[in-house]
Amino acid sequence: MNVIFGIGSKKVGSYLDIKGKMGQRKPQSYDYFIVLDFEATCQKNIQLVPQEIIEFPALKVNSTTYEVETKFHQFVKPVVHPQLTDFCKELTTITQAEVDNASEFSKVMGDFRAWINSEMQGKSFIYVTCGDWDMETMLPAQCRLSGEEVPDHCKSWVNIKKSYRNYTKHFARGLIEMLEGLGIGHTGTLHRGLDDCINILNILRGLADRGVQFSPSNKCIQARLS
Ligand code: AMP
Ligand code: MG
């Protein structure tokens, strides 16, 4: 097993440190979690149409050890708005050169399908995202734009915000609030896709440590995506 990340989990103190019972991991229904977090073109205070994916990261996480075994990571070249706005570069820290030197979405999606097929042969897995935007909105929109089919395995995911709300009874607006709630320090740069994935994983692990079992959280929208 090639473990590529040490997952930081500095305690910062929170109500869950007191309330949550640690060391309560239960078996999960899947062999692996694929933690995924897209970054996309954007503009301040304006809805960019269409938004296009510019960073495509995914972590293959063993559901017993919660270690990252391998990762997929590529930048993506946007075609409708090829020049990143200053706002987007500042928000994501992604540079113009990184997207200029990247492949367009169809090639990246093909590479991702191949990665999933080779890594997940004979294994069960489910995606984990922060919110529903990545899989409900961004991926289908980008696939439509690029003439790609949404793979069936991308139509089911765990929205970690819903898992967090079900466990804590608190609605968290984003990653930072959930990390604080679980007493976990933030790792890396916010809105950098790969770093966001690592923080989502730390939340997943924090909830698993408190006995949470994960199931698809998008049942109500699955029919529409099929
Ligand atoms: P996130 O996963 O939270 O980093 O956000 C994913 C994408 O949503 C970003 O790459 C942006 O395209 C968009 N986004 C996030 N936050 C903002 C914001 N404050 N203003 C405009 N777009 C945003
Ligand atoms: Mg992100």
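The values are calculated or read from the model by the stated rules, or taken from the named source; none is laboratory data. None of the values given here were measured: they were computed from a predicted structure. As a convention, Cβ positions derive from the backbone with ideal geometry for all residues, glycine included, and neighbour counts pool all protein chains shown. Just the protein is used for accessible areas: all its heavy atoms, side chains included, with ligands, DNA and RNA removed. Shrake-Rupley method; radii C 1.70, N 1.55, O 1.52, S 1.80 Å.
Brief remarks follow.
- For Leu194, the test of being touching a strand residue (DSSP E or B) at 6+ places or on another chain (Cβ under 6 Å) and either open to solvent by 10 Å² or more (accessible area, probe 1.4 Å) or in a loop (DSSP other than H, G, I, E, B) (or both) is passed.
- Qualifying residue in the stretch 100-117 (condition: open to solvent by less than 50 Å² (accessible area, probe 1.4 Å) and within 12 Å of ligand 1 (Cβ to nearest atom)): no
- Condition broken by Gln142, with the remaining ones in (1) open to solvent by 10 Å² or more (accessible area, probe 1.4 Å); (2) more than 26 Å from Asn62 (Cβ to Cβ) satisfied: (1)
- Of all residue pairs spaced 6 or more apart or on separate chains, those with beta-carbon atoms under 8 Å, a first member in the stretch 184-196 that is among the polar types (S, T, N, Q) and a second member that is at pLDDT 95 or above and in a helix (DSSP H, G or I) are Thr187/Asp195; Thr187/Ile198; Thr187/Asn199; Thr187/Asn202; Thr189/Asp195.
- Enumeration of residues in the stretch 203-226 that are surrounded by 21 or more Cβ atoms within 10 Å (Cβ to Cβ) and either modelled with pLDDT under 95 or within 16 Å of ligand 1 (Cβ to nearest atom) (or both): Ile203, Leu204, Ser217
- On inspection, Gly131 does not qualify as in contact (Cβ under 8 Å) with a residue 12 or more places away in the chain, on the phi > 0 side of the Ramachandran plot and away from ligand 2 (no atom under 15 Å from the Cβ).
- Members of the stretch 145-155 that are in contact with a strand residue (DSSP E or B) (Cβ under 9 Å, 6 or more places away or on another chain) and open to solvent by 30 Å² or more (accessible area, probe 1.4 Å): His153
- The stretch 28-39, subset open to solvent by less than 10 Å² (accessible area, probe 1.4 Å) and closer than 18 Å to Leu190 by Cβ, residue farthest from ligand 1 (Cβ to nearest atom): Val35
- All positions within the stretch 158-183 that are open to solvent by 60 Å² or more (accessible area, probe 1.4 Å) and within 18 Å of Gln24 (Cβ to Cβ): Asn166, Tyr167, Lys169
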